[in-house]
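Structure first, commentary second.
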Amino acid sequence: MASQQIQPKLVIHGGAGSCLQSKGGIEIVRKSLYKVLEEVYPLLKDGASAVDAVVRGCQLLEDDPRFNAGTGSVVQSDGQIRMSASLMDGFVQRFSGAINVSRVQNPIELAKFLQTSDDRVLSDYGSAELLRELQLPIYDPMTDLRLHEWMEERKGNFNKAMAGVVAEPAGVGTIGVVALDAQGRLAAGTSTGGKGFERIGRVSDSAMPAGNYATANAAVSCTGIGEHIMDECLAAKIVIRVTDGLSLKAALERSFAEAEARQRDFGAISIDASGAIGCGKTSDVLLGAFHNGIQMGDTLEMSKGTLIFIA
Ligand code: ASP
């Protein structure tokens, strides 16, 4: 098993959506994403586990108010922020997550704690209890920008609410990280503030295996319209295709061809156990970036309906 040292790989995303302008443009987004790669990739090089690298990457992305997770999460229809996050350790094939949690800085920390708990996915009430038990400080993730967006939408009686876009106008939602460590172990983490303006109690794909999944063979994190991701069971589907013997490239091609045919709106980042990196999308934009050990790259200028694949 995992004793031989291999070249670690890291892929991150800051969501999918229909435009980059609201995030400050390509260069600003690229800078934010590369900063995370520059901090997390060296940890993998120094021997950090895939799980620890994923958690650290998720924390950094959650803390960046540009992205819709943690600080800067979008606001739901009732004016509240509810966040969801999950973590999957592919090596031991174990999923954990927290759904619709409020008043915490890094929802991924709850998912991390739950990895070793008997009860591994908690909803709102249980997550709030856990926050109290862990004595995590109370934190308000609301930013002025998100509050302003919500107030503007409220003036229009939420007419624009989620019409085919994810967390727009200001956000393309969700963050995610997948990593392969030097021991050959894979992990995936995903965290989100949801779609924005959604019904109270709506559950995001980000804390489901449909949106975040890994085995010893592949790891995938998804972003985009959660209902579409659930309908395709996207992350689990890609990972299982690889686990059953398809190459990552073929698994992505097949899964995204199906998604195109059904007019889905989403994107996914992935790594397989051989170190291959793959990113796909049906959305206009996927804010993805990767470090393959030699260089960094990104998906910011990738055309719609295409895949990026690095063997
Ligand atoms: N998938 C997330 C959700 O539906 C949103 C996103 O990725 O932008 O909650």
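In the chain, the calculated helix contribution to ellipticity at 222 nm averages -9500 deg cm²/dmol per residue, counting -39,500 (n - 2.57) for every DSSP H run with n ≥ 4.
When you restrict to C-alpha pairs under 8 Å that are six or more residues apart and normalise by the size of the chain, the relative contact order lands at 25 percent. Close amide H pairs (under 5 Å, H built 1.01 Å from N) link residue 143 with 72, residues at least 5 positions away or on another chain. Each residue of region 62-71 was assigned a 3J(HN,Hα) from its phi angle through the Karplus curve 6.51 cos²θ - 1.76 cosθ + 1.60 (θ = phi - 60°); the sequence is 4, 7, 8, x, 5, 9, 7, 5, x, 4 Hz, with glycine and proline shown as x.
Note: relative contact order over region 167-311, using C-alpha pairs below 8 Å and six or more positions apart, is 18 percent.
Which of 138, 225, 240 moves most in a GNM of the chain, Cα contacts under 10 Å? The residue that fluctuates most here is 138. Shape class of region 4-148 from the alpha-carbon gyration tensor: oblate, with a/c at 1.5 or above and b/c at least as large as a/b.
In this structure the amide hydrogen of residue 76, modeled in the peptide plane, comes within under 5 Å of the amide hydrogens of 81, 82, 197, none closer than 5 places in sequence on its chain. Here region 207-311 is assigned +1 on the Cβ of each Lys and Arg and -1 on the Cβ of each Asp and Glu. Its dipole about the Cα centre then comes out at about 160 debye. Take the alpha carbon gyration tensor of region 247-311, find the square roots of its eigenvalues, order them as a ≥ b ≥ c, and report rounded if a/c is under 1.5; if not, report prolate when a/b exceeds b/c, else oblate. Cα axes put region 247-311 in the oblate bin.
Remark: relative contact order (region 19-105) = 17 percent; criterion is Cα-Cα distance under 8 angstrom and separation of 6 or more residues. Among 143, 190, 174, the largest mean-square fluctuation in a Gaussian network model of the chain (Cα springs under 10 Å) belongs to 143. Taking 68, 106, 292 in turn, the Gaussian network model of the chain (Cα-Cα springs below 10 Å) assigns the largest fluctuation to 292. Think of each Lys and Arg Cβ as +1 and each Asp and Glu Cβ as -1; about the Cα centre, that makes the dipole of the chain roughly 300 debye.
Phi-derived couplings, Karplus 6.51 cos²θ - 1.76 cosθ + 1.60 at θ = phi - 60°, listed residue by residue for region 133-147: 4, 7, 6, 6, x, 5, 9, 9, x, 5, 10, 4, 4, 5, 5 Hz, with x used for Gly and Pro. Legend: translational diffusion of the chain by Stokes-Einstein, Rh = Kirkwood radius over C-alpha pairs, 25 °C, 0.890 mPa s; D = 132 µm²/s. Under conditions of 20 °C and 1.002 mPa s, region 113-153 yields 170 µm² s⁻¹ as its translational diffusion coefficient, taking Rh as the Kirkwood radius over Cα pairs in the Stokes-Einstein equation.
Just so you know, all these numbers are worked out from the coordinates, no wet-lab data involved. Everything numeric in this text was worked out from a predicted model, so none of it was measured. Backbone-built Cβ (ideal geometry, glycine too); neighbour counts: all protein chains shown.
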